[in-house]
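See structure below.
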Amino acid sequence: MRCWTASRACMFLLAGQDGRDVHARSVALQHAVGDEHQPVTHLQRQRLHPVAASGLQAERAVSLQRNVLDLPGPQPQRRICLQWCTGAPGVLAGAWEYLDEDLLLAGAELTWRAGAHGDEKGHGICHGTSGNGFALLKAFARTGDERWLERARRFAVHALGQAERLRAANGRGRYSLWTGDVGTALFAAACLDKDARYPILDIV
């Protein structure tokens, strides 16, 4: 929690400097860090502000136990989310270039041990299996360890199976990037190409 609080303070500090609108309700890529991690990346490439440095390190106090971590999700519900749009996979995917490697690997290990999402969450790249799979691809991109690529590919196979099942059950596919077949197809292609870039955010 200290890491989250210090990081949030840094985001507000930077928002005041560059005019960004920062939402600090959750540690998430789509719902918060998508806007917030850009100024931190900018600082990291220069010299980290002391507040940012304390937030990113914070004595590695983000529940680093047994090489697994999670970060606080939305606070009002006090529920733990483990998906790209809210939770450790999204933080990993958005901050993979500058996260302390212990944190990065712990987040990837948490994502792997939790396993692919069920059909209630779906296969998409937002809150589904493919989104979490991109976190594993980011771990591969950072470390070069083929184990993470293999794990990402297993998620891709599972996601493609989910897409097929849901299409059969509903009589049609879901034609959207974030929650449908398009994003899942892009994730599967990324696994084949060893390309960890997340659609839109990393490519455009």
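So which residues in segment 116-151 are at pLDDT 95 or above, among the aliphatic types (A, V, I, L, M) and over 17 Å from Val91 (Cβ atoms)? Once the filter is applied, which keeps residues that are at pLDDT 95 or above, among the aliphatic types (A, V, I, L, M) and over 17 Å from Val91 (Cβ atoms), segment 116-151 yields only Leu149.
What residue, among those in segment 162-179 that are without any contact (Cβ under 8 Å) to a residue 12 or more places away in the chain and either within 18 Å of Ala190 (Cα to Cα) or out of contact with any helix residue (DSSP H, G or I) (no Cβ under 8 Å at 6 or more places or on another chain) (or both), is surrounded by the most Cβ atoms within 10 Å (Cβ to Cβ)?
Within segment 162-179, the first condition is being without any contact (Cβ under 8 Å) to a residue 12 or more places away in the chain, and the residues that meet it are 164, 168-173, 175.
Now restrict to residues that are either within 18 Å of Ala190 (Cα to Cα) or out of contact with any helix residue (DSSP H, G or I) (no Cβ under 8 Å at 6 or more places or on another chain) (or both): 164, 168-172.
On the way: Glu164: 13, Ala168: 9, Ala169: 9, Asn170: 9, Gly171: 6, Arg172: 10.
Of everything passing the filter in segment 162-179, Glu164 is surrounded by the most Cβ atoms within 10 Å (Cβ to Cβ).
Consider segment 111-140 and keep the residues that are part of a helix (DSSP H, G or I) and among the charged types (D, E, K, R). The one that is surrounded by the most Cβ atoms within 10 Å (Cβ to Cβ) is Lys138.
Restricting attention to segment 71-83, does a residue exist that is farther than 17 Å from Ala152 by Cβ, over 10 Å from the mean Cα position of the chain (by Cα), modelled with pLDDT under 80 and open to solvent by less than 10 Å² (accessible area, probe 1.4 Å)? It would help to see each step written out before you state the result.
Filtering segment 71-83 for residues farther than 17 Å from Ala152 by Cβ gives 71-81.
Those still in the list that are over 10 Å from the mean Cα position of the chain (by Cα) too: 71-81.
Cutting the leftovers down to modelled with pLDDT under 80 gives us 71-80.
Keeping just the survivors that are open to solvent by less than 10 Å² (accessible area, probe 1.4 Å) gives 73.
Yes: segment 71-83 contains one or more residues that are farther than 17 Å from Ala152 by Cβ, over 10 Å from the mean Cα position of the chain (by Cα), modelled with pLDDT under 80 and open to solvent by less than 10 Å² (accessible area, probe 1.4 Å).
Condition test on Ala190, is it farther than 14 Å from Gln83 by Cβ and crowded, with 21+ Cβ neighbours inside 10 Å? Criteria met by Ala190.
The values are calculated or read from the model by the stated rules, or taken from the named source; none is laboratory data. These figures come from a predicted structure and were not determined experimentally. FYI the Cβ positions are ideal-geometry reconstructions off the backbone, even for glycines, and counts take in every protein chain you see. Areas reflect the complete protein model, heavy atoms only, side chains present, ligands, DNA and RNA absent. Shrake-Rupley method; radii C 1.70, N 1.55, O 1.52, S 1.80 Å.
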